[in-house]
Structures are given as C-alpha cells and as structure tokens.
1. Quick one: Karplus J couplings for the range 143-149, per residue in order, coefficients 6.51, -1.76, 1.60, θ = phi - 60°, nearest Hz, x for Gly and Pro?
2. Cα gyration tensor of the range 93-169, axes a ≥ b ≥ c as square roots of the eigenvalues: rounded (a/c below 1.5), prolate (a/b > b/c) or oblate?
3. What whole-number value in Å² describes the accessible area per residue of the range 89-169 for a 1.4 Å probe?
4. So what are the ³J(HN,Hα) numbers for the range 35-43, from phi and the Karplus equation (6.51, -1.76, 1.60; θ = phi - 60°), rounded to whole Hz, Gly and Pro as x?
5. Would you grab the residues whose amide H sits under 5 Å from the one on LEU143? Only those 5+ places off in sequence or on another chain, please, with H modelled 1.01 Å from N.
6. How do 137-143, 55-61 rank on mean C-beta neighbours within 10 Å, highest first?
7. Considering the zone a paramagnetic label at ASN67 would reach in this model (a point 7 Å from Cα along the Cα-to-Cβ line), which residues of the range 122-138 have amide N under 15 Å from it?
8. Of the peptides 119-130, 90-101, how do they stack up when ordered by the mean number of other Cβ atoms within 10 Å, highest first?
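The values are calculated or read from the model by the stated rules, or taken from the named source; none is laboratory data. Being a predicted model, the structure only gives us computed values, none of them experimental. As a convention, Cβ positions derive from the backbone with ideal geometry for all residues, glycine included, and neighbour counts pool all protein chains shown. Note: areas computed on protein heavy atoms with side chains; ligands, DNA, RNA excluded. Shrake-Rupley method; radii C 1.70, N 1.55, O 1.52, S 1.80 Å.
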Amino acid sequence: MREISLFLMLVSMLFVVVACSSEETIETNILLPENIPSFVQESDFIKIDWKRKAVEFGDRRIIGNENKSGVIGADMPTLNGQKWMWHLWGVENVELTVVGFHKETHTAHQVLYNGPGGDSYWTRQAVGENNGADAHMPSNIALPEKGEWAFLLYTNDELFDILVYDINE
C-alpha cells in the first residue's frame, strides 16, 4: 500500500514538472518581427499578466488600467480595422510605441496604421490632455486574428504599461 502511495506521489510530481517546463517554453518562444524597435525586449513579454484584463473606468468608456493607460474604442474590437484613442496618465508629450502580442501564437505585431491602405507604424507622438488623461493619441488599429491580446505600451523607449484584451470579432 505504501509503495502505491509513493508511486502516485512521484507521478503527480512528474505532472507538475512537465506543466512548469512547458510554461517556460511558451515564455521563451516569442516571435519578434525584424523591424521591431530595438528597445523592445523579450523579457517585456514575460511580464504580461494575462489574468489582469483591462477594465472600463470613467464616464467615457475608456478600457484599460485606471490612472495609467486606456483606450476608447476597445469595447468594439474587430479584425477589420477600427479607430482607437489611446490615453496615458502621468506623462506628457511623449512618443508612444504600441506592440501587439497574440497569446496563442506568441507573436508580436505592428498593429497601428494610417487608415485604409496606409502604412503601418510602431511609434507616434502622444500629446495634450484629453478625457482626463495627461496625453492621448488617436490611431487606426488592425489585428491579424482573434484571441487574447496584450498591448505593450512604451513611452520614450521604456515599457510604460500593458493592456490585455479579448478580441473575438
């Protein structure tokens, strides 16, 4: 009887080790495009807390991390492209870089673009107060597939915040 208990305990421990090692593999198999800004690091993607979803706050339907960053337009996500208004607190007149990261494929994407048929870009100037935020930036956004997305926001080449959304349409 004791041998069976010992065997079951060892098998259980093996499952834990396999589960932990596969999670580590996911975190280290991150696909970054060649043209991604040099200040974006693989270690930034490991910081994503997928359980910390962006939430609606304020009276303008901003969805994000209150008093840090948020987006108007994220409540109607679509893969066909749409307008989002980025809002930032605690910074003024900064360069904002947005990197989209798809959880399932572990791939970073350039998601901002200049309207239908326009060029994609990583970085643009966020300026002026708007909707209670210290800085804002309008943009068009296009995502290649649905699923869980993290948007890593960099201000002046440093990781500023991470927004996590479910994009299912």
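1. Working through the residues one at a time gives 10, x, 7, 7, x, 7, 10 Hz.
2. Numbers: a/c = 1.77, a/b = 1.45, b/c = 1.22.
In terms of gyration-tensor shape, prolate.
3. Here the residues of the range 89-169 average 43 Å² of exposed surface.
4. The phi angles translate into 8, 5, x, 5, 7, 7, 10, 4, 5 Hz.
5. GLY81
6. Order by mean packing, descending: 137-143, 55-61.
7. Backbone N within reach: 133-134.
8. Highest to lowest by the protection proxy: 90-101, 119-130.
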